[in-house]
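Here is the structure we will look at.
The values are calculated or read from the model by the stated rules, or taken from the named source; none is laboratory data. This structure is a prediction, so every number in the text was calculated from the model and none was measured. Glycine also receives a Cβ, built like all others from the backbone with ideal geometry; neighbour counts cover every protein chain displayed.
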Amino acid sequence: MSTLKEKIIEEIKSAGADIAVFGNADRFRDKNVKFLSPNAKTVICIAARSLRGSRRGVEEGTSYHHFTTVGLETLEETILPMALMRVCNVLEDAGFEALPQRRNQLVMSEDDSTNPEVSYKKIYRGKKAEHTLDFEECAVDAGLGERGLHGTILTDEYGPFQRYAFVITDAEIEPDPVVKPHLCDKCGECVKACPGHAIAEDGTLNRWQCAAYYVGANGTKNPFMPDYAFENEPDRMDIIHGKVSLTPERAREIIDQVNFYPPIRHAYCSSICGKACDTACYIHLEKKGVLSKKFETPFRKRPEWFIPFEDKK
C-alpha cells in the first residue's frame, strides 16, 4: 500500500514534473505560508526540469523561441499547474486541504522593480492585498536545493535548470532535509556571462538592467538587431555592448526599442540572452562533474560566439 507521500510523488511525475520535496511548514521563514494557510503542516515543492535542449538555439545563435516557450512558458503555464492540481486532488481525496501556489508573474508588490521575464507594461504593481511567497527562499526551506550566487536555485540533478511551485497542506507528511550548500563555489561565471552587466560581484541583481538585456539590448549577442538600432541614442554603442548603467526610466526606453523578435504568449518576453547567467552556471557545474544528471556530450561544444564590434557601427 503506497503512502500518501509516495502517491504524491507518483502524481507529480505522471504530470511531467521531476522532483517533489516536502518541508515542515514550521521551518519556513516566509510568514505568508501560515498567513495563507493557518493550519499548514507541510509545504510540498514541485519542480520540473527546464530542458537543456531548449537552450541549444541560444547557445548556437540559431533559434530563440524554444527557450521561452519550452524552457519557461510550457513549464509555468502547463506542466506545473497540472502537477499542482493532481497533487491537490490526491490530498483532497485523502481528506486534507491543499492550497496550490504558482508564480504570479504579473503581480509585484514593489513599485520600483520589474520581472524581466514578462512585459513591464503588463505588470500590476503595488497590490498590497496580494500575499505571495518568496519562491526562492521557500524552495530552500522545502529542501529543493541551494541558492546560487546570482539567486537561482541549484539542484544536484539539473543545476539551475528547473522551475518550481508549491502546495501548502494541513496533511502532516514526513519532511525531507534542507539541503546543505555544496554546489555554488562563488566562481562568478554568472556575473561575467550577463550581456548587460546586471549582476554585481556579490550577486545583487539590477532587475531593470536585466530586463533590457534579457530581451536583447546587447547587439553582440543578438543576431536579429538591425544596423539602425538605437540610432537616435547618443550612447548607442555603449547600449549595444552592454556598457551603460540604466535607471528604471532609461531601461523602459531601451526595452521599448528592442522589438526585433516576435513576442511570446501570456505576456512573456522573448528572451535573447536565454538567461546567460544560468547557462554559465550550468556549464561550470557540469565541468566540475557535480551534477547527477549526465549527458553524452558537454553543453558547450565550441567557443562561445559573438558578433564582432565592427559589425555594429
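If the condition is being of a type outside the set (Lys, Arg) and buried (at least 20 other Cβ atoms within 10 Å of the Cβ), then the stretch 38-55 contributes Ala40, Thr42, Val43, Ile44, Cys45, Ile46, Ala47, Ala48, Ser50, Ser54.
Residues that are among the hydrophobic types (A, V, I, L, M, F, W, C) and outside any loop (DSSP other than H, G, I, E, B) within the stretch 10-38 comprise Ile12, Ile19, Ala20, Val21, Phe22, Ala25, Val33, Phe35, Leu36, listed in sequence order. Within the stretch 216-231, the set of residues being in contact with a helix residue (DSSP H, G or I) (Cβ under 6 Å, 6 or more places away or on another chain) and in contact (Cβ under 8 Å) with a residue 40 or more places away in the chain comprises Ala217, Gly219, Met225. Is it fair to say Phe230 is more than 17 Å from Val58 (Cβ to Cβ), aromatic (Phe, Trp, Tyr), in a loop (DSSP other than H, G, I, E, B) and outside the structural domain of His150 (by TED's automatic domain parsing)? Yes; evaluated as a whole, the condition is true for this residue. Please give the number of the condition Pro298 fails out of (1) in contact (Cβ under 8 Å) with a residue 40 or more places away in the chain; (2) in contact with a helix residue (DSSP H, G or I) (Cβ under 9 Å, 6 or more places away or on another chain); (3) within 23 Å of Cys184 (Cα to Cα). Of (1) in contact (Cβ under 8 Å) with a residue 40 or more places away in the chain; (2) in contact with a helix residue (DSSP H, G or I) (Cβ under 9 Å, 6 or more places away or on another chain); (3) within 23 Å of Cys184 (Cα to Cα), only one is false for Pro298: (1). All conditions in (1) under 30 Å from Asp170 (Cα atoms); (2) surrounded by 18 or more Cβ atoms within 10 Å (Cβ to Cβ) hold for Gly71, with the sole exception of (1). For the stretch 87-96, the count of residues that are in contact with a Pro (Cβ under 7 Å, 6 or more places away or on another chain) and hydrophobic (A, V, I, L, M, F, W, C) is nonzero. For Glu253, the conditions (1) surrounded by 16 or more Cβ atoms within 10 Å (Cβ to Cβ); (2) under 25 Å from Ser113 (Cβ atoms); (3) not polar (S, T, N, Q) are fulfilled apart from (1).
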